[in-house]
Amino acid sequence: MSATQTEAASVRNHLRSGTLAEAKAQGLTGEEFERIKDILGRDPNVTELAVFAVMWSEHCSYKSSILELKTLPRSGGRLLAEAGEENAGLVDIGDGWAVAFKIESHNHPSAVEPFQGAATGVGGILRDIFTMGARPLVVLDTLRFGALDDPHNRYLFDGVVQGIAHYGNCFGVPTAAGEVMFDPSYSGNPLVNVMAVGVVRHDRVTRSRAGGVGNKVFYVGSRTGRDGIHGVTFASEELTGDDEAKRPSVQVGDPFAEKLLLEATLELAKSGAMVSIQDMGGAGLTCSSSEMAAAGKVGMELDLDLVPLREPDMEPWEIMLSESQERMLLVAQPNREEEIREVFERWDLEVVEVGKVTGDGILRLSHKGRVVGEIPAWYLALGGGAPQYRRESRRPAGLDELAAFNPLDLPDTDDPAGVLLTLLADPDIASKLWVYRQYDQSVRTNTALEPGRGDAAVIRVEGATKGLAVTTDGNGRYVSLDPRQGAVQAVVEAARNVACVGARPVAITNCLNFGHPDKPEVFYFFREAVAGMGEACRALGTPVTGGNVSFYNETRGQAVFPTPVIGMLGLLEDVSRFVGSAFQREGDAVYLLGRSGGDGLGGSCYLKTIHNRIAGPIAPVDYDLERRLIDLLVELAETGTAGSAHDVSDGGLAVCLAECCITRGENPVGVTVDLPPESTLAAHLFGEAPGRVVVSVSPDRSGELEELAGKHNVPFRRIGTTGGDRFRWSGCFDISLTELAEPYYNAIPSRMEG
Amino acid sequence: MNWKMTVETTTETISRWGVVIFPGSNCDKDALDAVGRICGQEARPIWHRECSLDGLDAVILPGGFSYGDYLRAGAIARFAPVMEEIVAFAGRGGLVIGICNGFQTLTEVGLLPGALMRNVGLRFICSEVYIRVERTDTPFTRRFRPGQVMKIPIAHNEGNFFLPSGPLRELEDNGQVVFRYCDQNGEVTPESNPNGSLNNIAGIVNRGGNVLGMMPHPERRCDPLLGRPDGVDLFRSMIDHLAGR
């Protein structure tokens with residue numbers, strides 16, 4: 001065929017009607033296909049069908065989850081935008097400052113190509129933050145992998161960590177917190193959840209809704225290629241292209257381009273030359289244009305011939321669906337177009353006018369002089385006319401049996417020292433130094449408390465005395481046994497963690513990683529976890545600012561542990577008042593604050609590691625106690641009373657105290673503990689019952705601590721004194737700190753570096 | 001942007017500093033902050049296309065990933081228009097300090113000898129390290145005691161200093177090695193060498209002693225909030241030197 005003939009064939013192809021078979025091949029149901037015809041009043045052409053298919057995909061429409069998510073507390077005093085309204089959550093922190101933060105998954109790309117999958121995950125979430133006008137202050141990463149004895153899991157772990165490092169380090173944002181856990185259920189389907197946090201002055205927040213009929217629409221950043229077009233699988237005979245269209249769709253991140261986009265975008269956010277801007281993330285140009293139009297209740301016209309392409313002859317649907325990285329769509333204020341061009345060009349970025357805002361609510365696409373798509377934008381967007389379903393939910397048969405298991409029926413441990421050393425060598429508990437050493441933690445000189453030094457990272461708000469404390473938490477093991485309590489514990493532990501460093505918990509974001517939503521058992525976990533998260537957020541007054549749902553995390557039909565990850569934001573009025581987790585001095589008094597309810601062995605690391613069992617009831621949470629404990633911890637920090645604070649979680653009190661001893665770096669400080677068992681030795685030392693925190697205070701301030709604990713009605717107990725180079729627990733064990741540090745610091749490097 | 005602040009006014013005459021911004025620099029704000037807010041000097045950003053350093057007393061090439069460092073760290077930055085001016089500025093005896101990516105760029109442009117190769121272990125390393133001050137008679141180190149140990153972070157992928165044996169001996173004989181990686185007690189040991197640098201070299205000066213390149217980040221240890229502020233005396237040494245003290 002000649003070039004003209006090919007072109008004519010191509011035009012015929014993308015103007016012809018899409019078929020039901022094509023709709024199904026792209027993941028739409030027959031019912032949804034009928035609905036599209038009703039909306040348009042005609043058959044969709046292939047381009048329109050592709051646009052509907054991606055916008056109505058689970059990824060963009062949240063069609064299976066949105067009804068559950070609507071039950072969450074999504075508003076509250078400090079929220080400046082409701083969940084889902086903007087690219088990320090927005091929270092007021094006083095004095096004219098706001099925090100934008102969000103977490104997102106990049107699980108499947110990372111399973112296929114760990115380095116680029118994780119790298120582009122970082123890139124995507126950073127764009128969500130700075131499109132709001134906020135400069136990213138810190139990145140956190142929550143990672144889950146299969147067991148490290150499998151070389152493929154090691155390959156994934158290594159690649160993901162290097163990918164995160166590559167992108168974040170080059171972009172110039174500290175990666176300063178997160179968590180990594182391992183379980184065979186994640187083999188082949190790792191979880192890579194990335195959270196980014198930024199700050200912005202209230203008056204410089206850039207919105208994502210288009211507005212102003214006639215305003216120009218600009219495309220900025222990298223060129224559009226065929227990468228990342230998936231979920232759209234036209235049969236090859238129906239297209240003019242051939243194998244070319246099937247090339248592996250690995251997206252490649254360019255953190256350098258992103259850094260330039262950041263600086264240019266923030267410059268324009270400051271000047272107010274833009275009406276709105278949005279990242280072209282999932283579903284690329286389709287998602288950004290339709291969401292911006294739908295949010296602003298306007299229409300948008302795009303001339304696809306003007307979109308900068310990396311390769312010629314891309315079909316309209318390919319241009320619309322490409323997920324090439326480091327691109328944004330923006331609406332200019334009238335008569336500010338030249339200013340916008342000047343700024344992007346100064347940063348060596350491509351900036352092209354590709355369309356305009358219209359008043360008819362239609363997303364109108366033209367290509368080679370023809371209109372190739374006309375769709376009412378509202379029907380495409382989440383929160384608009386996209387479908388919503390109530391999925392079937394059924395409690396799995398085995399859950400009751402698992403919950404009925406009583407860990408106290410097991411023989412008690414007779415080797416507490418051996419168990420402690422085993423737990424410290426468990427990759428879930430062991431130091432993640434091998435991971436975060438590869439991340440630049442201190443670039444931009446705002447990181448007051450670095451990873452491994454406290455229960456949350458503490459970051460100064462640039463130009464203010466305030467600080468942010470950030471952490472992520474989520475124990476899939478707990479959730480697999482009791483989705484409601486497991487999710488509650490994730491929220492409460494995250495809140496306790498930020499309180500330990502001296503911050504008041506403010507709001508959360510969340511990333512919900514589950515299996516296939518059409519499976520009623522999977523959906524039961526999802527629904528219960530959402531309910532638990534909502535309950536805990538209401539109880540603690542920390543609203544949900546937004547988040548991300550990742551379904552279909554399965555390998556060979558087996559779902560990963562249901563894993564809701566909570567990203568918590570805490571606020572310190574004075575950043576210099578932060579509190580670390582390690583003992584600071586010899587001779588300090590060590591206290592246990594709070595009270596344990598239950599033995600805390602259900603779902604514990606002890607049961608998993610020593611008895612190879614994941615079973616038992618998940619300990620209940622006492623919200624009243626948790627709130628008082630938070631108040632106390634914040635006051636202990638603000639008054640400078642506490643020398644250290646560390647919450648009791650994975651591995652129980654023994655692991656908590658061991659960490660207090662060995663995480664200070666050089667010159668660690670030991671401890672002598674006197675706390676006779678009230679239950680079995682295992683429960684006493686390794687039980688994970690919530691609501692407990694270990695603090696150390698200098699002896700001259702212990703009176704003050706006791707007074708404050710009394711004031712907040714928090715039970716306290718003096719359990720020991722710091723000093724020496726050993727961890728002694730009278731009646732239990734006496735171990736040197738060197739012996740404790742060896743498994744703790746070598747567990748991961750010895751597996752990864754051989 | 002004006003970073004001039006009046007936090008400390010120990011000097012009668014305030015010195016004027018420029019911090020070069022290449023596309024991809026990401027420690028520029030940190031350097032401006034250290035010299036401006038913390039040390040109370042006048043510090044301004046210098047865009048990579050600028051062709052004049054008139055009126056400046058000292059220039060910092062900050063850390064980051066200039067041009068993405070997709071080729072070789074600093075290999076493209078050396079061709080930026082501003083670099084010609086920096087070479088001339090150094091030739092006139094102006095104080096130039098390159099930190100991390102800035103050090104890499106100074107070796108690429110030939111103001112300093114050697115090359116920074118990928119770290120032994122082939123991984124990015126962000127960690128606090130100890131470095132020993134080898135020379136206290138440079139404009140950058142006059143406030144330090146001989147042999148003083150600083151605790152200071154590194155954050156790099158390519159910090160493995162290399163020079164063939166002849167020139168390396170020359171560098172050592174000339175006393176151009178200013179900082180070496182060491183342990184807590186100042187002992188220069190193989191274990192304290194984070195990246196495989198020859199002779200544990202962490203920072204060097206040119207023959208004239210007015211151009212310093214170092215991999216560790218002194219600007220990250222100037223504000224007490226961030227840890228023991230061991231880096232601040234490096235900038236204060238330069239300020240003293242410029243004030244003729």
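Odds and ends about this structure:
For (1) within 18 Å of the chain's Cα centre (by Cα); (2) under 16 Å from A:ALA507 (Cβ atoms), each residue gets a yes or a no:
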position	(1), (2)
A:ARG78	no, yes
A:LEU90	yes, yes
A:ALA98	no, yes
A:VAL122	yes, no
A:THR131	yes, no
A:VAL138	yes, yes
A:PRO151	no, no
A:LEU156	no, no
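- Tally of residues being more than 14 Å from chain A (Cβ to nearest Cβ), aromatic (Phe, Trp, Tyr) and assigned to a strand (DSSP E or B) across the range B:117-142: 0
- Just one of the listed residues (B:GLY74, B:GLY91, B:GLY102, B:GLY110) is of a type in the set (Gly, Ala, Ser) and touching a Pro at 6+ places or on another chain (Cβ under 6 Å), namely B:GLY102.
- Residue that is modelled with pLDDT of 95 or more, more than 16 Å from the chain's Cα centre (by Cα) and farther than 29 Å from A:LEU349 by Cα, where the choices are B:GLY40, B:GLY94: B:GLY40
- Number of the exception - B:LYS29 against (1) under 30 Å from A:GLY253 (Cα atoms); (2) touching a residue at least 12 places away in the same chain (Cβ under 8 Å); (3) buried (at least 22 other Cβ atoms within 10 Å of the Cβ): (2)
- Residue identified as modelled with pLDDT of 95 or more, away from chain B (no Cβ under 14 Å) and either assigned to a helix (DSSP H, G or I) or under 25 Å from A:LEU15 (Cβ atoms) (or both) among A:ALA245, A:ALA293, A:ALA264, A:ALA257: A:ALA293
- The strands (runs of 3 or more DSSP E) found entirely in the range A:83-172 that carry 1 or more residues being charged (D, E, K, R) and either crowded, with 24+ Cβ neighbours inside 10 Å or within 14 Å of chain B (Cβ to nearest Cβ) (or both) are A:97-105, A:135-145.
Residues checked against (1) aromatic (Phe, Trp, Tyr); (2) free of Cβ contacts under 8 Å to residues at least 12 places away in the same chain; (3) within 14 Å of chain B (Cβ to nearest Cβ); (4) in contact with a Ser or Thr (Cβ under 7 Å, 6 or more places away or on another chain):
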| residue | (1), (2), (3), (4) |
| --- | --- |
| A:ALA403 | no, no, no, no |
| A:LEU408 | no, no, no, yes |
| A:GLY418 | no, yes, no, no |
| A:VAL435 | no, no, yes, no |
| A:LEU449 | no, no, yes, no |
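- Applying the condition of being in a loop (DSSP other than H, G, I, E, B) and of a type in the set (S, T, N, Q) to the range A:613-646 and asking which residue is farthest from A:ASP700 (Cα to Cα) yields A:THR639.
- Against the conditions (1) touching a residue at least 12 places away in the same chain (Cβ under 8 Å); (2) surrounded by fewer than 20 Cβ atoms within 10 Å (Cβ to Cβ); (3) assigned to a loop (DSSP other than H, G, I, E, B), A:LEU80 satisfies every one except (3).
- Candidates A:GLY228, A:GLY299, filtered to the one that is in the same structural domain as A:LEU49 (by TED's automatic domain parsing) and either modelled with pLDDT of 95 or more or of a type in the set (Phe, Trp, Tyr) (or both): A:GLY299
- Any hit, the range A:188-196, residues being over 22 Å from A:ASP455 (Cα atoms) and part of a helix (DSSP H, G or I): no
- Taken together, the criteria place A:SER649 among residues that are touching a Cys at 6+ places or on another chain (Cβ under 9 Å) and in a loop (DSSP other than H, G, I, E, B).
- Given (1) more than 25 Å from A:ALA257 (Cβ to Cβ); (2) within 29 Å of the chain's Cα centre (by Cα); (3) among the aliphatic types (A, V, I, L, M), index of the condition A:ILE362 fails: (2)
- Any hit, the range A:55-71, residues being of a type in the set (D, E, K, R) and either without any contact (Cβ under 8 Å) to a residue 60 or more places away in the chain or in contact with a helix residue (DSSP H, G or I) (Cβ under 8 Å, 6 or more places away or on another chain) (or both): yes
- Subset of the range A:386-420 [closer than 30 Å to A:LEU28 by Cβ and crowded, with 18+ Cβ neighbours inside 10 Å]: A:ALA386, A:ARG391
- Which numbered condition B:THR189 misses (of (1) modelled with pLDDT of 95 or more; (2) more than 16 Å from B:ILE131 (Cβ to Cβ)): (2)
- Scanning the range B:15-71 for residues that are acidic (Asp, Glu) and within 14 Å of chain A (Cβ to nearest Cβ) gives B:ASP28, B:ASP30, B:ASP33, B:GLU50, B:ASP69.
- Only listed residue being surrounded by fewer than 19 Cβ atoms within 10 Å (Cβ to Cβ) and more than 13 Å from chain A (Cβ to nearest Cβ), chosen from B:GLY74, B:GLY91: B:GLY91
- Residue count for the range A:336-355 under the criterion of being buried (at least 20 other Cβ atoms within 10 Å of the Cβ) and away from every other protein chain (no Cβ under 14 Å): the result is 4.
- Subset tally (residues that are over 25 Å from B:SER127 (Cα atoms) and polar (S, T, N, Q)) for the range B:55-106: 0
- Qualifying residue in the range B:206-229 (condition: more than 14 Å from chain A (Cβ to nearest Cβ), under 18 Å from B:PHE124 (Cα atoms), surrounded by 23 or more Cβ atoms within 10 Å (Cβ to Cβ) and under 14 Å from the mean Cα position of the chain (by Cα)): yes
- Long-range neighbours under 6 Å by Cβ, at least six apart or interchain, first residue within 14 Å of chain B (Cβ to nearest Cβ) and in a loop (DSSP other than H, G, I, E, B) within the range A:666-679, second surrounded by 13 or more Cβ atoms within 10 Å (Cβ to Cβ) and not polar (S, T, N, Q): A:PRO668/A:CYS661; A:PRO668/A:ILE662; A:PRO668/A:LEU737
- Residue that is nearest to A:GLY454 (Cα to Cα), among those in the range B:187-197 that are in contact with a strand residue (DSSP E or B) (Cβ under 6 Å, 6 or more places away or on another chain) and away from every other protein chain (no Cβ under 14 Å): B:ASN193
- Any hit, the range A:563-582, residues being closer than 24 Å to A:ALA615 by Cα and either modelled with pLDDT under 95 or in a helix (DSSP H, G or I) (or both): no
The values are calculated or read from the model by the stated rules, or taken from the named source; none is laboratory data. This structure is a prediction, so every number in the text was calculated from the model and none was measured. Every residue, glycine among them, receives a Cβ derived from its backbone with ideal geometry; neighbour counts consider all protein chains shown.
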